[in-house]
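Everything on this sheet refers to the single structure shown next.
Each reported figure results from applying straightforward, stated rules to the coordinates on display, with no laboratory input. If you're wondering where the values come from, they're calculated on a predicted model, not measured in any experiment. Every residue, glycine among them, receives a Cβ derived from its backbone with ideal geometry; neighbour counts consider all protein chains shown.
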Amino acid sequence: MLSYIIRRLLTMIPMLLVICFLIFVGMELMPTDPISYMVGPEQIANMTPEKLEEMREALGLNRPFIVRFFEWLGGIARGDFGYSLTNGQPIKDIIAAKLPATIELSLYALLISTVFGVFLGILSAVKRGSTTDSALTVLGMVGISIPEFFFGLVMILVFAINLKWLPIGGRTLPEYTSYWQQFRHVIMPATILGISMTAGVMRYSRSSMLDALNRDFLKTARAKGLPKWRIYILHGFRVALTPVVVLIGFRLPTLVGGSVVVEQIFQWPGIGDAFVTAVRGNNYPLVMMIALLTVTMMLAASLIVDVLTALIDPRVRLE
Amino acid sequence: MNQDIILEVKDLSVSFYTDNRKNNAIRNVSFVAQRGKTLCIVGESGCGKSVSASAILRLLPELSRIENGEIKYYGREEPINIEKVDPDGDLIREIRGGEIAMIFQDPMTALNPVYTVGYQISEMLLEHNKDMKKDEAMKKSVELLSAMGIPQADQRVNEYPHQFSGGMRQRAMIAMAMSCNPKILLADEPTTALDVTVQAQIFELMDNLKKDYDAAIVLITHDMGVVTELADNVSVMYMGYVVEDGTVDEVLRTPAHPYTKALLASIPILGRGRNQKIEPIRGSTPDPFNRPPGCQFEPRCDYATEKCREAMPEREFISGEHNVRCYCYKEVLKDE
Ligand SMILES: Nc1ncnc2c1ncn2[C@@H]1O[C@H](COP(=O)(O)OP(=O)(O)OP(=O)(O)O)[C@@H](O)[C@H]1O
Ligand SMILES: [Mg+2]
């Protein structure tokens, strides 16, 4: 098992290199000149072309593409993620500041969607054809098709503006002394993000569970005289679990990538929010780093999923 | 009444309601199982053998209903009418596995792939023996597996079903089924998926169980050869009806139903040499949704008369337990 994990980690390195290269190429092809975002418009207007050229030189924007790529890569290897083009802040610091917020939000959303999605999915499968099942299917459809921003705005209107139970947005304030005060801020965004993910998990759990319920060994379990919970949970769900774990595992990248829409609506100071700002500002070193972070997490998630599947299904062997 | 009778199915009908159509899967089916005896239920695919067996344990799928009839179980002080029992209740759960055990056709899929064989046998033991401990159950599982002829059972008990061969899985299934000393063993084509030598071993095992534990065995098969070797009694089914029923001698030596006769003529019989005439039954089984109005076998029957087109014949007793559903059975018997 351990040697498998190490081998998988090693194969990730060339993959990451290719991805880094693609990201770099992609950003290179963006039409805007990044210099215009480093210097105010009036200043550019007043600058001589030579001065501008000097500036480019200083920022390393003039060297050949491939040189800049390896330069950038070497920096990453040394833990130097470069500097934000908008305000010169080290990207490491930006990410260190934004990541905890995103992880907090995504973790709650993942938790909500896993618990509710799996539970409702099983319920729906066990009671297939009943009104509960139809109601849940309709709710799931609604959850998937109604956009997050709509839900978000409705919730803000009801719980923040009318009822004044929860804050409109943000994450924390200087005067907070306990986590509970901060926790009130995460409730709405986590619920919104959770709902949209719950619907997917629910539909997936339902079909996976239905599949398990139709298998022959479930009839064996019934013929053994086992109680219902053993039949459904220990025999049915235990087998249905594998595909559900795969689905949830592949959601792990949201832990670091964040959700653009939800973070925007609730002014959540996370990675998703930072990403949008960076894209708008052609702050390409930051965009690249966030993309890289997400992709790395995706690769890690696929490894985690493989290891988990092998742990829960004895037929799967890690080769 | 015969003291040996442990299970009596009487006039049992089960229908399926799928796609808003009704399929009378079994109709007024009657048979009895006796202690220390093997009852073989034979018939072509789709004739209702599995449905009859599932009904006994109330394991019928949704969308199906027991329309009429009785399933009487005599294994306790008082007879139990299984057809009236709550299919989700505690009583049927005690009976399932504890008193009536079932093994299925395909040992490849009948065991749960994510649990060890030992876990699955212990699970059943623990369910029906409330004061048994986990390690005792595991020890018993090892004993059962080795009694079923599995070598190195103490190691194999910790393996998963996919590490077992098909024959070994079926042995494990039988070990599990016999773990709580059931009074009745329902075996639904237990060897169809296995090769011939393994088949013979499994049948030998079941024959021993019958003798050692005085269990009643209900063996479902479509193999007449198996019937000749193992059965004490035979029920022949066709399109949801038991068309002929009796002791193995009565039914095989003096078949009274044209279908039984045709079935026997369609298989080679060991010891009769290579010159025997083998005749497949002519025609094909009707669509269950578009049944003949009278006797179900009438379109394929050599003896069919006008009367046969009107209604399914009632059960008629020929001698002793031997009974048949045929208007013309006397002629069939005469033709022997
Ligand atoms: N789950 C089900 N849903 C709908 N109809 C069913 C179902 N199971 C069985 N039937 C119907 O009931 C009838 C009897 O089926 P059954 O499975 O008892 O046949 P069988 O004698 O066991 O055949 P085989 O030898 O192929 O196992 C058939 O007409 C079949 O179509
Ligand atoms: Mg069958």
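The table below gives the values:
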{"read-out": "For chain A: rounded, prolate or oblate by the Cα gyration tensor [a/c cutoff 1.5]", "value": "oblate"}
{"read-out": "Within a Gaussian network of chain A (alpha carbon springs, distance under 10 Å), most fluctuating of A:A77, A:A278, A:A96", "value": "A:A77"}
{"read-out": "Candidates per trypsin sites (Lys or Arg not before Pro) in segment B:208-311, loop by DSSP, up to 16 other Cβ within 10 Å", "value": "B:R272, B:R274, B:K277, B:R282"}
{"read-out": "Relative pair counts by distance (%), Cα atoms of segment B:116-181, 10 Å bins", "value": "25, 59, 15, 0"}
{"read-out": "Cα-based shape type of segment A:205-313, given that a ≥ b ≥ c are square roots of the gyration tensor eigenvalues and the cut on a/c is 1.5", "value": "prolate"}
{"read-out": "For segment B:206-315: span of alpha carbons on each principal axis (Å, largest first)", "value": "49, 36, 23"}
{"read-out": "Number of Lys pairs (Cα under 22 Å; 8 or more positions apart or on different chains) in segment A:91-312", "value": "4"}
{"read-out": "Shielding by other protein chains, B:51-64, mean Cβ within 10 Å", "value": "1"}
{"read-out": "Among A:L111, A:L61, A:L120: highest mean-square fluctuation, GNM of chain A, C-alpha pairs under 10 Å", "value": "A:L61"}
{"read-out": "In segment B:84-143, the trypsin sites (Lys or Arg not before Pro) that fall in loop regions by DSSP, at most 13 other Cβ within 10 Å", "value": "B:K130, B:K133"}
{"read-out": "Geometric extent, Cα atoms of the protein assembly as shown - Rg, Dmax (angstrom)", "value": "35.4, 121"}
{"read-out": "Rounded to 5, percent antiparallel among DSSP beta bridges of chain B", "value": "60"}
{"read-out": "Loop-exposed trypsin sites (Lys or Arg not before Pro) per DSSP, neighbour cap 13 Cβ within 10 angstrom, longest uninterrupted part of chain A", "value": "A:165-314"}
{"read-out": "Rounded, prolate or oblate (a/c below 1.5 giving rounded, otherwise prolate when a/b exceeds b/c) for segment B:60-141 by Cα gyration tensor", "value": "oblate"}
{"read-out": "Principal axis box of segment B:58-102, alpha-carbon based, largest edge first, Å", "value": "32, 20, 18"}
{"read-out": "Environment charge at B:I80 (Cβ cut-off 15 Å; Lys +1, Arg +1, Asp -1, Glu -1)", "value": "-1"}
{"read-out": "Under the Karplus curve 6.51 cos²θ - 1.76 cosθ + 1.60, θ = phi - 60°, whole-Hz ³J(HN,Hα) for segment B:143-156, x wherever Gly or Pro sits", "value": "4, 4, 4, 6, 5, 8, x, 9, x, 6, 4, 5, 8, 4"}
{"read-out": "Inverse mean reciprocal Cα-Cα distance (Kirkwood Rh) of chain B, Å", "value": "21.0"}
{"read-out": "Near-label residues of segment B:39-66 by backbone N, under 18 Å of a point 7 Å along Cα→Cβ of B:D287", "value": "B:46-47"}
{"read-out": "Highest to lowest packing among B:147-155, B:5-13, scored as the average C-beta count within 10 Å", "value": "B:5-13, B:147-155"}
{"read-out": "Within segment A:91-312: Cβ-based charge dipole about Cα centre, in debye rounded to nearest 20 (Lys, Arg +1; Asp, Glu -1)", "value": "900"}
{"read-out": "Of the DSSP H helices in chain A, those whose Cα atoms cover at least 27 Å axially and whose Kyte score averages 1.0 or more", "value": "A:2-28, A:91-126, A:284-312"}
{"read-out": "Amide H within-cut-off set for B:T18, under 5 Å, with H built and near neighbours excluded", "value": "B:N23"}
{"read-out": "Chain A, helix-only ellipticity at 222 nm - DSSP H runs n ≥ 4, -39,500 (n - 2.57), divided by all residues, nearest 500", "value": "-23000 deg cm²/dmol"}
{"read-out": "Residue (of A:F159, B:A262, A:P174) at the positive-pole extreme of the protein assembly as shown, dipole from beta-carbon charges", "value": "A:P174"}
{"read-out": "Within the protein assembly as shown: Cβ-based charge dipole about Cα centre, in debye rounded to nearest 20 (Lys, Arg +1; Asp, Glu -1)", "value": "540"}
{"read-out": "Share antiparallel - DSSP beta bridges, the protein assembly as shown, percent rounded to 5", "value": "60"}
